[in-house]
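See structure below.
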Amino acid sequence: MINSVLNFIVSYFCISGKKRSEEGEWYVEAIQYVYDNGIMVGTGSTFGTNNQLKREQFAATLYSMAGKPSVGLDASNPFSDVPNKAGYPRDAILWAVKNDVAAGNADGTFGVGKSIQRQAVASMLYKYAQLCGYDMTKYENAIDEFNDADKVQSWAINAMKWAVSQELISGKGGKRLDPLGVATRAECAAMIRKLLIKNPDSISLNETSATMVVGSELRLTPTLIPKIRTNETITWISSDPNVASVENGLHSKISLRKICLTEIFFLSASHSL
């Protein structure tokens, strides 16, 4: 029996701007990056570079990175300081808590309007990265060189080790991590940019080639990074539908129609955002 050997080529296109900002302060490029990609927005006519980052603002930042998945109006809202109204900041906060990216306070509040510590930013970013399937490599001695490493609270130690290992946090003058210090919006933008550049959007397939006979079918399953994205559109394209047809959808079924020696398929995935 003559078999047809099929090869698959996968590509990924992310619809987002990545314009390089003009040269300047250390934070300029990071701010340009998060703004261009719709991750963070300004506060009025400015970005609020040195403004203290608020807890709900960081939840909203991670929520935007996740593609702003739907949060139903019937979603449970346990926080007395979170308005039960669709939109900002309710949706971001409830999403973050549901996915164990953030947690509330013992007094039944989330801490809306409260500034967020650097170690808390690292902790939330760490949990978000786990959800996404990002590189979670961390070195046990990563924070040992910092003079205030002993100030990192127990619940944030792994997150801080990971953030330093991944070069998301480099510390401040005097060899300080400043874990209890308040994060600024510029610092947040810098960490987000570093994280996303180190972990670019990507797609892989469960098969890279297959041998098929006429009339047989093959199911291809993609793996998307970040894994947390649920509103993706996967477009499957056969370079010759007369040889093999493909069905569109999150998964694709290839149906072989006739024999060929080698057929190459080009597949692409694009954001629906």
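Some notes on this structure:
- Counting beta carbons within 10 Å around each of Glu247, Glu187, Glu140 and listing the fewest first gives the order Glu140, Glu247, Glu187.
- Between Lys85 and Val41, the modelled label-to-label distance comes to 1.5 nm, taking each label 7 Å out from Cα in the direction of the beta carbon.
- Label-point separation, Leu180 to Asn158 (7 Å along Cα→Cβ), nm: 2.4
- Counting Lys and Arg as +1 and Asp and Glu as -1 over every other residue whose Cβ lies under 12 Å from the Cβ of Asp150, the net charge comes to 0.
- The label point for Ala75 and the one for Asn141, both projected 7 Å from the Cα toward the Cβ, are 4.3 nm apart.
- Gained length - Thr211 relative to Lys151, 0.36 nm times residue gap less alpha-carbon distance: 15.8 nm
- J(HN,Hα) series, the stretch 60-71, from Karplus relation 6.51 cos²θ - 1.76 cosθ + 1.60, nearest Hz, glycine and proline x: 5, 4, 5, 4, 5, 4, 7, x, 6, x, 5, 10
- Cut-off under 5 Å, modelled amide H: who pairs with Trp236 long-range: Gly249
- Of all lysines in the structure, the ones whose alpha carbon falls short of 18 Å from that of Lys161, not counting any fewer than 8 places away in one chain, are Lys127, Lys138, Lys151, Lys172, Lys175, Lys194, Lys198.
- For Ala244, the amide hydrogen comes within under 5 Å of the amide hydrogens of Arg257, counting only partners 5 or more places away or on other chains and with H modelled in the peptide plane.
Any read-out appearing in this document is the output of simple, stated calculations on the displayed coordinates, not a laboratory observation. Since we're looking at a predicted model, the values are computed, not measured. No Cβ is skipped: glycine too gets one built from the backbone with ideal geometry, and neighbour counts run over all protein chains shown.
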